[in-house]
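These notes are about the structure you will find just below.
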Amino acid sequence: MVPAGKRLPSILQVIVSLGLFLLIAFSFTAKLNLPIQLALYIGWFIIIVLGIRLGHKYQDLEKAALNGISNGLGAVLILLAVGALVGTWIAGGIVPTIIYYGLKAIHPSIFLLATMLICSLTALATGTSWGAAGTAGIAMMGIGQGLGVPAPVTAGAVLSGCYFGDKMSPLSDSVILASSMSNVEVVEHIKGMLPIAAISYGITAVLFTALGFHYSGQVDMSQVQSVMQAMQNQFDITPYSFVPVVIVLALLALRLPSFPVISFGSLLGIIWAVMIQDMNALTAFNTAWAPYSIDSGVEFIDSILNRGGMSSMLSSVAVIVFGLGFGGLLDKVGILETIANLFSHRVKSAGSLATSTIGTAFLGNVFGSAMYVSLILTPKICAKNYDRLGFKRKNLSRNAEFGGTLTSGMVPWSDNGIYMASILGVATLSYAPFMWLSFVCIIVTIVCSYMGWFVDPCEPVVTDEHNDTQIVSEKQALTNA
């Protein structure tokens, strides 16, 4: 709620302020080749000026921005830990082993399906779509090029797999953030996503299989063999390299905190680098900070594996910090409340609830320029409607996750859009139409919600705005509208 004596912004003020920010973000990223960090930095002052006009003090606005940042620092820590994990797991031969054994299963006719499967497994094992795209994703892009598959199509299969694996992994920082912001246990959150995600994955697999047969005419498997041979020359490929993956997943399955578990996984990567890959201990330890560096003589392989480390995440950390602060300002000034009031009277069923939540999450990516902003703001905006209509919060976390995470790579100036375009070498708007899992999952979610499938009702909760007390209404058999 906006404090007494302060005015809520009008719809016109919301449109003008967010529209101005959107114009700056688009110009910086698409036209001027300037970093999105600067656009977010300027966006702070756009909202601060609006806040002062509405009666807020600058000191209060600055504090709101800092509070917004502090709310997401846990995700920043996990992101840095993931960077260390990727670097050490490459050095330890863990990621190369995953790629190697994945490549052995590839046949040209099922290349796109295999791409989605391999990237899914990699993201599931590492808990990061970025790490999966930066390792297995890059390998599949090169292989697809050798097979004559258009790069945007391959990128779509890569990202479909990466985002699915990321959503189903308890290591994922976005999974943890979406569930925590909705007050839902991580395991319950994943269980809530699983039915719709599995259906969507099956549909997407059929689509990519059908398209794969279209490109399976004249193919050259030399690219696949060269990648596998280079992996064997550079690393000791052994099934033992799957042990750290199993250990980390087991610890997370026991609901241990993600940050120390992922950090422990990085330590295992260092141990594997020293014991199995015969790497110098100091060099192995340094891969937790600096990108892993090799010179195999094969440019393609070097581009795949010269990455990882905490330092590689610093640019994304800056985006997240500015984005979280921007979100804190949007909340403080009342822009979120204005938007929420605009939607609340139109939300009357599980279907409209899912649609509005997914739409809000997408707008969070557009205006917040970071997936973390979307996953933090969407539950804040939509939670009251779930309580009012009598639906469990795990419906909220699922819809926010699908709308916020699965669309994050579609926005050219978002952190995910920038990263995926640069790492895969394909423009965001070129690969976005082929992110079929994202589209299918969103469509299936909305359809199922309107039909009342996979929807969990509960007792409605009404908030008394006069004394801020919550009154639980009589139990109703609400399933859907």
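The values are calculated or read from the model by the stated rules, or taken from the named source; none is laboratory data. Quick caveat, the model's predicted, so the values are computed rather than measured. Using ideal geometry, Cβ is built from the backbone for each residue, glycine included, and neighbour counts are taken over all protein chains shown. When the accessible area is computed, the model is the full protein with side chains, heavy atoms only, and any ligands, DNA or RNA have been set aside. Shrake-Rupley method; radii C 1.70, N 1.55, O 1.52, S 1.80 Å.
Give me the one-decimal Kirkwood hydrodynamic radius in Å for region 276-425, with the sum taken over alpha-carbon pairs.
Working: mean 1/r = 0.0570 Å⁻¹.
Result for region 276-425 stands at 17.6 Å.
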Practice task
At 0.36 nm per residue, minus the direct Cα-Cα distance, what do TYR58 and ALA427 gain on full extension? Give it in nm, one decimal, please.
Solution key: 128.9 nm
Exercise for the section: In whole Å, largest first, what are the principal axis extents of the Cα atoms in the chain? Expected result: 70, 47, 44
Exercise for the section: Express in nm, to one decimal, how much length is gained between PHE213 and TYR41 on full extension, taking 0.36 nm for each residue of separation and deducting their alpha carbon distance. Expected result: 57.2 nm
Completion exercise
Whole-percent carbon and sulfur contribution to the accessible surface of region 349-394 (1.4 Å, no ligands, DNA or RNA) stands at 68 percent
Fill in the blank from the handout: Mean accessible area per residue over the chain (1.4 angstrom probe, all protein chains present, square angstrom) is 41 Å²
Exercise for the section: Assuming 1.002 mPa s and 20 °C, estimate D for region 124-207 with Stokes-Einstein, Rh taken as the Kirkwood radius over Cα pairs, in µm²/s. Expected result: 156 µm²/s
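Please compute the length gained on full extension between ASP236 and ALA30, using 0.36 nm multiplied by the number of residues separating them and subtracting their Cα-Cα distance. Write down the numbers at each step before the final one.
Working: separation 206, 0.36 × 206 = 74.16 nm, distance 4.25 nm.
Full extension from ASP236 to ALA30 adds 69.9 nm.
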Problem - Efficiency of FRET between MET275 and ASN306 - r from beta-carbon atoms, R0 30 angstrom, step 0.05 - result: 0.85
Problem - Dipole magnitude of region 114-249 about its Cα centre (Cβ charges: Lys, Arg +1; Asp, Glu -1), debye to nearest 20 - result: 160 debye
Problem - Selection from GLN232, GLY309, LEU375, by position along the positive dipole direction of the chain (Cβ) - result: LEU375
Practice task
Work out from phi, with θ = phi - 60° and the Karplus expression 6.51 cos²θ - 1.76 cosθ + 1.60, the ³J(HN,Hα) of each residue of region 24-37, listed in order in whole Hz, and give x for Gly and Pro.
Solution key: 5, 4, 5, 5, 5, 7, 8, 10, 9, 6, 9, x, 5, 4
Handout entry: ILE294 accessible area, assembled protein chains, probe 1.4 Å, Å²
Key = 20 Å²
